[in-house]
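First up is the structure itself, then whatever we jot down about it.
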Amino acid sequence: MCELFHKFMMGLRDFVKDYFLGFWDYETPKVMVVKNKTLGVIYRGVQFLVITYFIWYVFISEKAYQESETRPESSVYTLMKGTAVHGDDILDTVEYVRPSEGGDVISTILRREVTYDQKQGTCAEHFMVANANCTRDSDCVQGEVDFDGHGRRTGRCVQYYNHTFKTCEIQTWCPIERYAVVREPALVEAINFTVFIRNSIHFPGFKVLRGNIKDISNPKEMRRFLNKCHYDKETEPYCPNFRLGYIAAQAREDFSELCKTGGVIGVFINWNCNLDLDYSYCQPTYSFRRLDLRKDQASSGYYYRFAKYYSREGVESRTLIKAYGIRLDVIVHGHAGKFSPIPTIISTVTAMTSVAICTIICDWIMLTFIDKNEVYSDRKFDEVIKEPTVPKAPELGFINSYGSNHSDLSDGVQL
């Protein structure tokens, strides 16, 4: 056991000694010209790919020579415009727009399901609710609340409105929505409604403030422009008015289908600004996409409920409205870049360093696949050790002194 421990310690000592002595060795690359066309083609090909990658993708596409800012400060204000005729009624923005004050989310009602004149009282539960059908009072548990139902059960079994069968009686707003609802036709005129979207964006790092509305100094001309223009990518890129029909078409949605089920559409405003150019080229681009999932019909679409309360003969009543519509979520992304020497130096040094990968790849190919007889490896790796020199016998030379007390060893003495 002691002998094994002694051998282990001796081996460990030799390893540490060799590592310590080898740590102070100096390695320098050796230039060796290999006359091999295959290896030369591979070397130049890899060089071309690396250089092309850095020039085209890193410097031109990604603009690695710029200092960038990707978290701008942004403000969004929205406003819906339009008037619709619904039967004998004229609907304005107060009737069909939520919320009325605007923001980065705005919705418009396209279709309504209305339950009129509801009052607090007792009435029959809907027959499609679980365990709601009954034949006697004992089938209904007093005080039970079914969260898929419409209210709290009284314990009585009553006739289901004008039908012959019976369901459990509940305490709730009567008549219940699923029985008395009136489905109104869709507001097809909403396809021509316009959405005013005002967006301002600030890049604090570069102190640049931009807006998506055309800069017109005259207030009258500005109002005239905003009242008449509609956004067009080519002709009116600075117009903030968007037709609902245009938004639905850009999102590849059928507007008539949206009137039935509703939907959530994202309005993406993208600011990609190259501040090396004039700031007037910093313009927004718009894209539109449906955000709610359409695969699951139970959770797709967009709708919400609200009520209008009033008092009739001293009894509180309400009109319940289930509204289907389009909700617009305005989402702003921003990226700005400007030339800076620091990222330029870093990217340039990275590119020059990456070219060395070509040599590493070709060395590996040469020593692994081409050097079968170890011809290249014998010449590529050399170990140089400084050997002690044998002193030579001194040779006599002449020391010439031309009127000086000092001698010039470089002329008279062989060095």
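The values are calculated or read from the model by the stated rules, or taken from the named source; none is laboratory data. What you see is a predicted model, and the numbers here were worked out from it, not measured in a lab. Ideal geometry is used to build each Cβ from the backbone, glycine not excepted, and the neighbour counts take in all protein chains shown. Accessible surface areas use protein heavy atoms only, side chains included; no ligands, DNA or RNA. Shrake-Rupley method; radii C 1.70, N 1.55, O 1.52, S 1.80 Å.
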Qualifying residue in the stretch 94-104 (condition: free of Cβ contacts under 8 Å to residues at least 12 places away in the same chain, under 30 Å from GLU313 (Cα atoms) and either of a type in the set (Ser, Thr, Tyr) or in the same structural domain as TYR304 (by the TED database) (or both)) = yes
Any hit, the stretch 223-234, residues being assigned by the TED database to the domain that holds ASP292, buried (at least 17 other Cβ atoms within 10 Å of the Cβ), under 30 Å from the mean Cα position of the chain (by Cα) and not in a helix (DSSP H, G or I) | yes
Where a residue in the stretch 121-150 is open to solvent by less than 80 Å² (accessible area, probe 1.4 Å) and its partner, wherever it lies, is in a helix (DSSP H, G or I) and acidic (Asp, Glu), with Cβ under 8 Å and at least six apart = HIS150/GLU177
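Please specify each residue of the stretch 99-120 satisfying the condition of being surrounded by 13 or more Cβ atoms within 10 Å (Cβ to Cβ) and either hydroxyl-bearing (Ser, Thr, Tyr) or modelled with pLDDT under 85 (or both). Break it down stepwise before answering.
Applying the first criterion (surrounded by 13 or more Cβ atoms within 10 Å (Cβ to Cβ)) to the stretch 99-120 yields 102, 104-120.
Once the filter is applied, which keeps residues that are surrounded by 13 or more Cβ atoms within 10 Å (Cβ to Cβ) and either hydroxyl-bearing (Ser, Thr, Tyr) or modelled with pLDDT under 85 (or both), the stretch 99-120 yields GLY102, SER107, THR108, THR115, TYR116.
Yes or no, residue by residue, for (1) surrounded by fewer than 17 Cβ atoms within 10 Å (Cβ to Cβ); (2) part of a strand (DSSP E or B):
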{"site": "ARG71", "(1), (2)": "yes, no"}
{"site": "LEU79", "(1), (2)": "no, yes"}
{"site": "VAL85", "(1), (2)": "yes, yes"}
{"site": "VAL94", "(1), (2)": "yes, no"}
Report whether or not THR83 is in contact (Cβ under 8 Å) with a residue 24 or more places away in the chain, in the same structural domain as PHE268 (by the TED database) and closer than 27 Å to LYS308 by Cα.
-> no
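Can you list the helices (runs of 4 or more DSSP H) lying wholly within the stretch 340-407 that have 2 or more residues being under 53 Å from the mean Cα position of the chain (by Cα) and at pLDDT below 85? Walk me through how you get there before you give the answer.
Numbers: elements: 341-354, 356-365, 375-380.
Here the list reads 356-365, 375-380.
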For the stretch 4-41, which residues satisfy the criterion of being closer than 28 Å to TRP364 by Cβ, surrounded by 10 or more Cβ atoms within 10 Å (Cβ to Cβ) and not hydrophobic (A, V, I, L, M, F, W, C)?
-> ASP18, ASN36, THR38, GLY40
Would you confirm whether any residue within the stretch 273-282 is farther than 28 Å from PHE206 by Cα and in a loop (DSSP other than H, G, I, E, B)?
-> no
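Take ARG152 and tell me if it is touching a Gly at 6+ places or on another chain (Cβ under 9 Å), closer than 25 Å to THR319 by Cβ and either at pLDDT 90 or above or among the aromatic types (Phe, Trp, Tyr) (or both). Outline the logic, then answer.
Numbers: touching a Gly at 6+ places or on another chain (Cβ under 9 Å): yes; closer than 25 Å to THR319 by Cβ: yes; either at pLDDT 90 or above or among the aromatic types (Phe, Trp, Tyr) (or both): yes.
Yes: the conditions hold for ARG152.
Would you check if there is a residue in the stretch 8-18 being farther than 29 Å from PRO284 by Cα and either of a type in the set (Val, Ile, Thr) or in contact with a strand residue (DSSP E or B) (Cβ under 8 Å, 6 or more places away or on another chain) (or both)?
Step one: list which residues in the stretch 8-18 are farther than 29 Å from PRO284 by Cα, which gives 8-18.
When the remaining residues are screened for being either of a type in the set (Val, Ile, Thr) or in contact with a strand residue (DSSP E or B) (Cβ under 8 Å, 6 or more places away or on another chain) (or both), the result is 16.
Within the stretch 8-18 (the criterion being farther than 29 Å from PRO284 by Cα and either of a type in the set (Val, Ile, Thr) or in contact with a strand residue (DSSP E or B) (Cβ under 8 Å, 6 or more places away or on another chain) (or both)), the answer is yes, since at least one residue qualifies.
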For the stretch 47-64, state whether one or more residues are surrounded by fewer than 12 Cβ atoms within 10 Å (Cβ to Cβ) and in a strand (DSSP E or B).
-> no
Collect the residues in the stretch 244-261 that are surrounded by 17 or more Cβ atoms within 10 Å (Cβ to Cβ) and either of a type in the set (Gly, Ala, Ser) or not in a helix (DSSP H, G or I) (or both), keeping them in residue-number order.
-> ALA248, ALA251, GLU253
Here the qualifying pairs (Cβ atoms under 9 Å; residues six or more apart or on different chains; first in the stretch 22-34 and touching a residue at least 40 places away in the same chain (Cβ under 8 Å); second of a type in the set (A, V, I, L, M)) come out as VAL34/MET366; VAL34/ILE370
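Can you tell me which of SER217, SER138 is among the hydroxyl-bearing types (Ser, Thr, Tyr), more than 27 Å from LYS119 (Cβ to Cβ) and part of a loop (DSSP other than H, G, I, E, B)?
Details: SER138 fails: part of a loop (DSSP other than H, G, I, E, B).
Answer to the selection: SER217.
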Could you tell me whether the stretch 315-329 includes any residue that is at pLDDT 85 or above and open to solvent by 100 Å² or more (accessible area, probe 1.4 Å)?
-> yes
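Does the stretch 51-61 include one or more residues that are under 27 Å from ASN241 (Cα atoms) and in contact (Cβ under 8 Å) with a residue 24 or more places away in the chain? It would help to see each step written out before you state the result.
First, the residues of the stretch 51-61 that are under 27 Å from ASN241 (Cα atoms): none.
Among the residues of the stretch 51-61, not one is under 27 Å from ASN241 (Cα atoms) and in contact (Cβ under 8 Å) with a residue 24 or more places away in the chain, which makes the answer no.
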Among the residues of the stretch 248-285, which ones are touching a residue at least 12 places away in the same chain (Cβ under 8 Å) and hydroxyl-bearing (Ser, Thr, Tyr)?
-> SER256, THR261, TYR279, THR285
